[in-house]
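Step one of this worksheet: look at the structure below.
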Amino acid sequence: MTALQQLPDVHGHFGPYGGMFVPETLMSALDELAAEYDIAKNDPAFQNELGELLHNFAGRPTPLYFAERLTTNLGGAKIYLKREDLLHTGAHKINNALGQILLARRMGKTRIIAETGAGQHGVATATVAARFGCECIIYMGVVDMERQSLNVARMRFLGAKVVPVTAGQATLKEAINEAMRDWVTNVRTTHYILGSALGSHPYPMMVRDFHRVIGIEARRQILGREERLPDLLVACVGGGSNAIGLFHPFLDDASVRMIGVEAGGEGIRTGKHAARFQGGKLGVLQGTKTFLLANADGQIELTHSVSAGLDYAAIGPEHSYLRDAGRIEYDYATDDEALAAFRILAETEGIIPALETAHAVAHVIKIAPSMSSDKLIIVNCSGRGDKDVSQAATHFGF
Amino acid sequence: MQNRIDQCFTALRARNEKAFIAYICAGDPNLARTVDLALSLEKAGTDILELGLPFSDPLADGIVNQLAAQRALEAGATVQGVLDCVGQIRRVSQIPIVLYTYMNPIFQFGFERFHREASAAGVDGLLILDLPPEEDLAAQTETLLHIRLIAPTTPAERIEAICAKAAGFIYYVSREGVTGAQASVASSLAERVVEIRRFTNLPIAVGFGISNAEQVREVARSADAIVVGSAIVQRIFEERAAQDMPERIGAFVKALAAATKGKTNSA
C-alpha cells in the first residue's frame, strides 16, 4: 500500500483534514468505537459474519454490468455500471449499516440511531436494526421526508421511529445535528450508525472500509471481463461514501483516473448548490475539518440539490485530502443534467437510478463521447430510483 | 498581569465563596441589549459572564440555546460584532468574560487573529464546544485561557490529561446531554467533582441543566462555580418586549447568584 491508502493517522487525520471535533461527552464513545473497530477488523469471526450477511442478506457480490446501449448511443468509451442499486434495500448504504450493527452488538449497544437525507441510509439502518432486534430511531429533515416519502413509509414498516427535524433548512445537516444531540444524551446505551464517510474519527475511515468491497469487487470483475484496469471511475459525492468505496481500492493504480461528481443544483453562480469544491472553503462541521460551504463569518450556508442525498454543506475529509493530492478530480452536475440522466439511463438501459446516482451518470454522458471506444469507464450505480419516481414524475409532468 | 478569571477565583476563595456564572447568547435580541444585559447581570451578583458567540449548527445545545443563536444571527450578530460588544462592556466593567462557541466561526475569522482581537477587546477565556484538547494545538496563554470541559463519560486517565492542559477553571458538564433546564441535579455530581479534584487545583465549575436557586445551592456544596444558561436565555426571550428587560433579568438572576454566596461548605 502507498501512503495514500494508509491514512488516516490514529486520531483520524487525512493530512490537514478529518480529526475529532466533537463535544467532550462523545470523546470516550468515539475512542471506544475506534478501539472496537480496530479489534473487529482483524477478527476473522467478525469478517466472516459480515461477509456472510453481505452475501446472503444483502446480495453481494453485485454485478458489473456492461451498459451496451448507453455506450453505443454516446459513441465513445465503454461504460460499465457497478450495480449497487441491486443490493437489498436498493443502495450501497447497506454495506456500512451491516458492518456497524455488528460493531454495536459487540459493544453491547441495543439502541440504534441514524440520520438520513435521501432515506436510503435510514432504510438500511432500519433494516439491520429489524434484522437484529434493536430499537431504531431515524432523524430526518421534514423537507426530505416530503420529497422521499416512500422511504419514510419503508422505515416505519421496518419498525423504526422516524423523527422529523424542523430546524434550519430541515435537510440532512439538521438531521445530523439532532442525531448527535440524541447520541450525546444517550451515549451509554446507543450506537450512532453514521451513514457517510463524514463526521468525527473513526467514522470516515470505518464507513470507507465497509464500502471498499465495492471497489474490490469492481476491480476483480473488470480484470476478469476486460483483462485490464479501467481508465476512469465516476461516482457521485454527497458525504462521499459510495465514491470512496469504489475509488479506494484503485488508489495505487496510477493509470486509473477518478472523478467525483458533486451536486451543482441550479448552477454554481446562483449559489443554490451543494458543490463544496466550487467556492467552498476549509472549515469544521459536525466533527470533522474539511471543505464546506460557509459564509465569511463561519456560519454554514444553505445548500440546494434536487437530490436529498447530495444536499449537504460538507464533504468527507478524505475527499478533501485526495483532491489536494491530485489523485481524485471533482466536477459537478446540475439538477437539470441529473434529471436528464435519470431519464436517459431508464430509457436506454432499463435502469431507473437514484437522483444521487444520476449525477454520476450525467457526468459520464458529458465525458464518454470524448473518449475513444477502447477506453473503459466504471460508474458507480449507487442506488435505485424508486424513491425519486414521484418527484421526477411531477417534474416531467408524467 | 493575572487573568481576570484567576483574579476572580482568588478573591472568591479568600472569602470562601463560590462563583456564579451567567450564560447569555450575544446578539439575542440584539448586541446593544447584550451590553445592557451584561451590566445588569454583573449588578445582580454575576461573577463571570459567559457570552455565546452564535453558530448556525450548535450541536451541543438544546432547543432554548439553538433558538437564541438563530435569533441572534437573524438580528445580524457577527464575530466582529460580538467582539465589539465585549469592547463596549469592557469600557465600564471588569467582569471576567468567557466566550462560548464552536470551532468554525473562529476558524473562518482566523484562529490567531481571533485570539489577538478577542484579547484586545477584553475577552478572558474561550470555551470551544467542539474542540477537544487533542485538536487544540494552541498553547495556553495568560491573556486568553482555553477553558476545558469534562463530561460524566470522561474516564479518569482522560480527566488527568485534560487537567494537565487546563487553565482558568474546569467546566464540568453535569449531565450527559445538551444544554437546557432539568428538573433535578445528577446524584453522582459531588463524587465526580471530588474525582476531578484529584487531578487539579483549578476551580471546578458545573453547568448544563441547572435552572433554579435550589439547584444552585445544592451544586455549590461541591463545586467552585455554578453556570446557569438556558433558564436565563429563556427568560430573556419571554421578557424581550419589555423596556426594562435587562433589569427584569437582573432581578431573576439575583436570587440565583445569591445562592452561591453566604455560608457554603468548602470542599
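So the values come out like this:
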{"read-out": "Among the candidates A:Ala97, A:Ala34, A:Ala3, residue that is open to solvent by 10 Å² or more (accessible area, probe 1.4 Å), more than 14 Å from every other protein chain (Cβ to nearest Cβ) and within 29 Å of A:Leu285 (Cα to Cα)", "value": "A:Ala3"}
{"read-out": "The range B:147-187, residues that are under 26 Å from B:Arg235 (Cα atoms) and of a type outside the set (A, V, I, L, M, F, W, C)", "value": "B:Tyr171, B:Tyr172, B:Ser174, B:Arg175, B:Glu176, B:Gly177, B:Thr179, B:Gly180, B:Gln182, B:Ser184"}
{"read-out": "Criterion (within 21 Å of A:Thr185 (Cα to Cα), open to solvent by less than 10 Å² (accessible area, probe 1.4 Å) and away from chain B (no Cβ under 14 Å)) met by exactly one of A:Leu81, A:Leu103", "value": "A:Leu103"}
{"read-out": "Near pairs, Cβ below 9 angstrom, 6+ apart or cross-chain, from the range A:179-192 (more than 7 Å from chain B (Cβ to nearest Cβ)) to any residue that is of a type in the set (S, T, N, Q) and open to solvent by less than 10 Å² (accessible area, probe 1.4 Å)", "value": "A:Asp182/A:Thr190; A:Trp183/A:Thr25; A:Trp183/A:Thr190; A:His191/A:Gln100; A:Tyr192/A:Gln100"}
{"read-out": "Residue in the range A:300-318 that is least open to solvent (accessible area, probe 1.4 Å), counting only those that are assigned to a loop (DSSP other than H, G, I, E, B) and in contact with a Phe, Trp or Tyr (Cβ under 8 Å, 6 or more places away or on another chain)", "value": "A:Ile315"}
{"read-out": "Selection within the range A:6-28 - more than 7 Å from chain B (Cβ to nearest Cβ), within 25 Å of B:Val173 (Cβ to Cβ) and in a helix (DSSP H, G or I)", "value": "A:Leu26"}
{"read-out": "Close pairs (8 angstrom Cβ cut-off, 6 or more residues apart or separate chains): within 19 Å of A:Arg208 (Cβ to Cβ) in the range A:41-57, open to solvent by 80 Å² or more (accessible area, probe 1.4 Å) and assigned to a helix (DSSP H, G or I) anywhere", "value": "A:Phe46/A:Arg106"}
{"read-out": "Those residues of the range A:266-299 which are within 14 Å of another protein chain (Cβ to nearest Cβ), assigned to a strand (DSSP E or B) and either touching a residue at least 40 places away in the same chain (Cβ under 8 Å) or open to solvent by less than 50 Å² (accessible area, probe 1.4 Å) (or both), in sequence order", "value": "A:Leu282, A:Gly283, A:Val284, A:Leu285, A:Gly287, A:Thr288, A:Lys289, A:Thr290, A:Phe291, A:Leu292, A:Ala294"}
{"read-out": "Residue that is under 16 Å from the mean Cα position of the chain (by Cα) and touching a residue at least 12 places away in the same chain (Cβ under 8 Å), where the choices are B:Cys25, B:Cys85", "value": "B:Cys25"}
{"read-out": "Test: residue in the range A:336-343 that is within 27 Å of A:Glu178 (Cα to Cα), without any contact (Cβ under 8 Å) to a residue 60 or more places away in the chain and among the small types (Gly, Ala, Ser)", "value": "no"}
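Residues are listed down the side, and each one gets a yes or a no for (1) among the aromatic types (Phe, Trp, Tyr); (2) outside any helix (DSSP H, G or I); (3) over 16 Å from the mean Cα position of the chain (by Cα); (4) at positive phi:
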| position | (1), (2), (3), (4) |
| --- | --- |
| A:Ser320 | no, no, no, no |
| A:Arg327 | no, yes, yes, no |
| A:Tyr332 | yes, yes, no, no |
| A:Leu339 | no, no, yes, no |
| A:Ala346 | no, no, yes, no |
| A:Lys366 | no, no, yes, no |
| A:Val379 | no, yes, no, no |
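The values are calculated or read from the model by the stated rules, or taken from the named source; none is laboratory data. Worth saying up front: this structure is predicted, and the values here are computed from it rather than measured. Heads up, the Cβs are rebuilt from the backbone with ideal geometry, glycines too, and the neighbour counts pull from every protein chain shown. What goes into the accessible areas is simple: the full protein's heavy atoms, side chains included, and nothing from ligands, DNA or RNA. Shrake-Rupley method; radii C 1.70, N 1.55, O 1.52, S 1.80 Å.
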